[in-house]
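These notes are about the structure you will find just below.
The values are calculated or read from the model by the stated rules, or taken from the named source; none is laboratory data. Predicted model only: the values in this text are computed from it and were never measured. Every residue, glycine as well, gets a Cβ built from its backbone with ideal geometry; the counts of neighbours run over all protein chains shown.
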């Protein structure tokens, strides 16, 4: 590893921002397993030592890439919205970030204390306060919303691995639904009821419905 106290000459054209953007390109095309400092150095046409001057290790790089993506999808005009609308907007920004970059889901769920998660929590906390939730209830309200989002992140992380064999999502979910229908209908009546919906439901609409259910609960407690 290069000495990070002195910038290597061959890394003078680099910046952490440029490294992170190159890492995102690799993550989008090859996933976290494909992100190595060797691959990154090849894409940036530099040496690994120049990269290490800016980023200590892969974990730091993944955290920086995740935060970069979350910040990119963070809504900018929440001040013009009601607290409920702002929370939906923030939540949909997270949804779209994960939908566009599936590896982000794995990163958010793997490390709930990274800065990208704190960025989301800060946005939710501000709107929960604006919603009129008493101070002693804000932690519970904001973390309930955050937990729902991180649950989605974990679900997307699993789904991205499940569908990586090239099958499209609808075809894959039809196979899952067919397996559900093979279960004993007396023991699993609800599963039989929802199985036909699995291949045709809209993830985004279902996500918003979940956020609205939590908001309704927060409003009742408020």
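See the values below:
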read-out	value
Filter result for residue 106 (within 25 Å of residue 129 (Cβ to Cβ), in contact with a helix residue (DSSP H, G or I) (Cβ under 8 Å, 6 or more places away or on another chain), crowded, with 17+ Cβ neighbours inside 10 Å and assigned by TED's automatic domain parsing to the domain that holds residue 209)	no
Residue in region 140-151 that is surrounded by 22 or more Cβ atoms within 10 Å (Cβ to Cβ) and under 11 Å from the mean Cα position of the chain (by Cα) present	yes
Close pairs from region 198-220: first more than 15 Å from residue 146 (Cα to Cα), partner in a loop (DSSP other than H, G, I, E, B), Cβ under 8 Å, at least 6 apart	219/131
Qualifying positions in region 60-93 - farther than 25 Å from residue 209 by Cβ and in contact (Cβ under 8 Å) with a residue 40 or more places away in the chain	61, 62, 63, 64, 65, 66, 67, 68, 71
Residue count, region 66-82 (criterion: in a loop (DSSP other than H, G, I, E, B) and touching a helix residue (DSSP H, G or I) at 6+ places or on another chain (Cβ under 7 Å))	4
Only listed residue being over 18 Å from the mean Cα position of the chain (by Cα) and in a helix (DSSP H, G or I), chosen from 60, 85	85
Output for region 189-218, where each listed residue is touching a helix residue (DSSP H, G or I) at 6+ places or on another chain (Cβ under 9 Å), farther than 18 Å from residue 95 by Cα and surrounded by fewer than 15 Cβ atoms within 10 Å (Cβ to Cβ)	194, 196, 197, 200, 217
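Yes or no, residue by residue, for (1) outside the structural domain of residue 141 (by TED's automatic domain parsing); (2) touching a helix residue (DSSP H, G or I) at 6+ places or on another chain (Cβ under 7 Å):
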site: 39; (1), (2): yes, yes
site: 64; (1), (2): yes, yes
site: 102; (1), (2): no, yes
site: 118; (1), (2): no, no
site: 128; (1), (2): no, yes
